[in-house]
Amino acid sequence: PQGWSWVTIGDVCIRGTGTRDSRKEPDELFRYVDISSVDSRSKRISEAKVLMGRDAPSRARQVIRTNDVLVATTRPNLNAVALIPLELDNEICSTGFCVLRSNGEIEPEYLFAFVQTTAFVRSLTDLVKGALYPAVTDGQVRAQTLPLAPLPEQRRIAARLREQFAEVAKARAAVQAQFDTARTLPVAHLRAI
């Protein structure tokens, strides 16, 4: 379509998103996002760990900002990705993530939707086939190409996807509630007998 182009992720994201060594402030609390913090099913940070600076793991180095997109670089087939919410602004994540921060040419939610696509996951997964340790580098993530729409179109697409993801989440929650209810039926039935 008119106005669209193919770019690499690195073309639309800033380089050097910042680091901080929390161990230099041993008595300060910080919130830490590692790969286990990301729910790869819902594509959200389920729980950031609260740590003292003295307890910071050596991988706790990367500064994250609201609307950064995290892409786990280990086991890319699991697609552990997340969009940083406001409450985690200026916190820390593991070096096991590639931190993608828009340079203004890409809508963060558009980028977040792209890193969830089958094409993106397959492309990264293909890079680690045959490797003993299934991981990709930040450079390999940033080298991935994507179709870039004009910003107004990106915002429209992101809004539509946000609505659809919300509907999927509601449907998933309803199915889970039904499943939980169904699991309790045999126990309730045995009690009645």
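The values are calculated or read from the model by the stated rules, or taken from the named source; none is laboratory data. Model, not experiment: these values are computed from the prediction. Just the protein is used for accessible areas: all its heavy atoms, side chains included, with ligands, DNA and RNA removed. Shrake-Rupley method; radii C 1.70, N 1.55, O 1.52, S 1.80 Å.
Just a few scattered comments:
- In terms of accessible area, using a 1.4 Å probe and ignoring ligands and nucleic acids, Lys129, Lys49 rank largest first as Lys129, Lys49.
- Convex hull of Cα atoms in the chain, direction-averaged projection (nm²): 15.0 nm²
- For the chain, accessible area per residue (1.4 Å probe, heavy atoms of protein chains only), Å²: 59 Å²
- Sorted from greatest to least, the principal axis extents spanned by the alpha carbons of region 86-191 come out as 60, 43, 30 Å.
- Centroid-to-centroid, using Cα positions, region 131-146 and region 35-60 are 21 Å apart.
- Rounded percent of accessible protein surface that carbon and sulfur make up, region 63-128, 1.4 Å probe: 47 percent
- For region 134-193, the Kirkwood radius over C-alpha pairs fed into Stokes-Einstein at 37 °C and 0.692 mPa s yields D = 203 µm² per second.
- Straight Cα distances below 30 angstrom link Lys43 to the lysines Lys129, Lys170, with same-chain residues fewer than 8 positions distant left out.
- Rounded to the nearest 10 Å², the accessible area of Arg183 at probe 1.4 Å: 150 Å²
- Binned Cα-Cα distances of region 25-83, short to long, each 5 Å bin given as a whole percent: 4, 18, 27, 24, 16, 8, 3, 0
- Structural descriptor for region 44-113: relative contact order 37 percent, calculated from alpha carbon pairs under 8 angstrom and at least 6 residues apart.
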